[in-house]
Amino acid sequence: MKINIKIDWSFLLQPSTLIIGASFLLGIIATNINSYQNGYAKAIEDSQKSLSLSKPQTQPAPMTSPALPSPRIQTPQKPVLEKPPFYMGEIQGNLTYAHAIKIAQDYYANGAYENAMIWAYRANQIDPNGIQSYKITIESLEKIGETKQAQTLKREVEAFFRNR
């Protein structure tokens, strides 16, 4: 005794079924990508926090004669560009210093000074010794009315690069 059961699989090829299936799969993929990126960003943030919270290592005092104090030569510290308050997100992929500076210059030329500062900051993250990123930031700060901050940064940059 044989039982013949015929199943009509043609309902799987209907457009509505295909759209629902594709939407389901894309939702799963997007959720996994988002979870991965958020987890990766959180791990980086946590590692940076742990590095900044760790105690600095103390070194024993050098054995010198108390009668002969050694002269201290103060070298200027490398100026640090602060992350702009309106900075959002991170760049993924390949970005060169020259490309980031070009984007910052374009934004500056079009009067978008906040965006120019963001791209100058990104360029500075790639090459902290590139002076162009500092110049764009200083000029943008002056344009948006932050002259005090611009002057402070300008003095730090001049002092640092003068001794190089």
Quiz item: Carbon and sulfur atoms: what percent of the 1.4 Å accessible area of the stretch 92-131 do they account for?
Solution: 48
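So what is the relative contact order of the stretch 95-164, in percent, for Cα pairs below 8 Å that sit 6 or more residues apart? Numbers along the way, then the final one.
Details: 68 pairs, mean separation 18.3, N = 70.
Computed value for the stretch 95-164: 26 percent relative contact order.
With a/c under 1.5 counting as rounded, go ahead and sort the stretch 100-164 into rounded, prolate or oblate using the C-alpha gyration tensor (a ≥ b ≥ c being the square roots of the eigenvalues; past the cut-off, prolate if a/b is larger than b/c, else oblate). Walk me through the intermediate numbers first.
Working: a/c = 2.49, a/b = 1.24, b/c = 2.02.
Verdict is oblate for the stretch 100-164.
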Quiz item: Can you list residues whose amide H is under 5 Å from Leu81's amide H, if they're 5+ apart or on another chain and H is modeled 1.01 Å from N?
Solution: none
Quiz item: For Asn129 and Asp106, what is the calculated FRET efficiency with R₀ set at 22 Å and r taken between the beta-carbons, to the nearest 0.05?
Solution: 0.45
Quiz item: Once phi is turned into θ = phi - 60°, what whole-Hz ³J(HN,Hα) does the Karplus curve with 6.51, -1.76 and 1.60 give for every residue of the stretch 130-144, x standing for Gly and Pro?
Solution: x, 6, 4, 5, 5, 4, 5, 5, 4, 5, 5, 4, 5, 5, 8
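The values are calculated or read from the model by the stated rules, or taken from the named source; none is laboratory data. Just so it is clear, the model here is predicted, and its values are computed rather than measured. With ideal geometry, Cβ positions are generated from the backbone for all residues, glycine too; neighbour counts draw on all protein chains shown. Accessible surface areas use protein heavy atoms only, side chains included; no ligands, DNA or RNA. Shrake-Rupley method; radii C 1.70, N 1.55, O 1.52, S 1.80 Å.
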